[in-house]
1. Under Stokes-Einstein, with the Kirkwood radius over Cα pairs standing in for Rh, what whole-number D in µm²/s applies to the stretch A:1-106 at 20 °C and 1.002 mPa s?
2. In what order do A:83, A:12 fall by count of nearby beta-carbon atoms within 10 Å, going from fewest to most?
3. Given the options B:113, B:80, B:285, state which has the largest fluctuation in a GNM of chain B using a 10 Å cut-off (strictly under) for Cα springs.
4. Two-decimal Rg/Rh of the stretch A:214-281 from alpha-carbon positions, Kirkwood Rh?
5. D for chain B, whole µm²/s, Stokes-Einstein with Kirkwood Rh over alpha-carbon pairs at 10 °C and 1.306 mPa s: what number?
6. What number, in percent, do you get for the relative contact order of chain B if the mean sequence gap of Cα pairs under 8 Å and at least 6 apart is divided by its residue count?
7. Between residue A:30 and residue A:141, what FRET efficiency follows from the Cβ-Cβ distance if R0 is 22 Å, with the result rounded to 0.05?
8. Per the Debye formula with a single identical scatterer at each Cα and no solvent contribution, what log10 I(q)/I(0) holds for the stretch A:81-215 at q = 0.14, 0.20 Å⁻¹?
């Protein structure tokens, strides 16, 4: 059997461990799910109340079709962002979680390559993110009676998967922060996440943002994920229209993941030189 | 030179060939200093001086032979845990080298990791997970066959006195003594050829302490393992260790068998002194006082 096969098997350690943790912390998972649903519904409700909030009387503002389109626009932003945030958080918090439990030294002295460690964590994050988002999606669709008749789910899923690669890469880079800054590293990863929300056109078309945000948004992979999924689910675009976006996202992922592992490995070497692995924040 | 594979049949993946004729552990002139810089604000103000500098390990050298139980005895804060971390690939030495069965812990890090395991003073686990879930996580990381690992984990936990009903309950419900036994089981499960024990019995009740000590002797005898044990328990060091290094302020002040160390400080008129007396005469202080001194720093 090849080394890659055994490394892949070893990466299942992280998948199985995280599944067990989700099962044991099921109460918190429920709370987290309710929090996410409430957040998503609150964002989508903005569309429903847009005319009232703007002080526009009946007949003068958005019509019902436009409101429905705005609901769908915001719902997709909220859901896709939720998915990307789960992927980013699961990967970037793999270190802070282990610091909190006190197991970090045992994981780091195990004969597992850091790439394997991260592949296992990333695989779990993708599956977990998809399941979590699917539940929220069902509830949002039921509550707002969203019209998904025009949606192209296949191309939307393909964009989501391709875009996840870059987010995993950014998450791995973010994971170096709790490694090097045990006290405040987690908060720093939240700053990255907030910055990504700001520049990626989650609730507004990226190109319509004020400068310099519109220009900066060009460099965020999440901009293309959210834009691509909107095109697939609202306008029904398929592979023939979306392949340049998909290729771009895959290429970005192929750069971001190795870059993330390189940054993390450099951080790990620094932590081993300075004794930062041992400290618990 | 002969090289023999130590990989047990139940391990999967890469076999690590070990030179059985090499010394189990060589620590050669190792130094580790922890520094605290001036911080970002300090640097911006032009400060370059270190705020704090702690010499944790100071030019330490010793050799451990295969099958030995080697004790590192000293008060808290004297560099014992740092030494164990240097052997565990968790820290890089500033100077010197650590080799395990001829493999350098920095250059051959991945292969070294397959040969070692560690039990530390804190039984570090995912506390919501059960002993079995924690052990399976460890087993998968070390590429132990999962079916074998499940059977073996039950067997080892049973022998260490962990009750069957506790095996599938969260670790947070267990006493510290029981958690420490699970930590020992986690290390045993991967069949390390070098077992690093960092104060494994500190804080345990006398009964649990004896069970853990018996388990240490068992792994040495039945698994052909070499053991490095750090402790500040004089009696434990005396009873378990073939040789002991007494450390103070990061340096080795004496090294030998328990009897040789006692003979070293014994005056002709007196009976063989205790290790406590040895420590007092070599460092000028009682171990307890040295511990208190370290705590107030």
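1. 122
2. A:12, A:83
3. Answer for the Gaussian network model of chain B: B:285.
4. Rounded to two decimals, Rg over Rh is 1.24.
5. This corresponds to a translational diffusion coefficient of 78 µm²/s.
6. Normalised by residue count, the contact order of chain B is 22 percent.
7. After rounding, the FRET efficiency stands at 0.60.
8. Reported log10 I(q)/I(0), two decimals: -0.76, -1.24.
Readers should treat all values here as calculations from the given coordinates under stated rules, not as data from a laboratory. A quick note: this is a predicted structure, and the numbers were derived from the prediction, not measured. With ideal geometry, Cβ positions are generated from the backbone for all residues, glycine too; neighbour counts draw on all protein chains shown.
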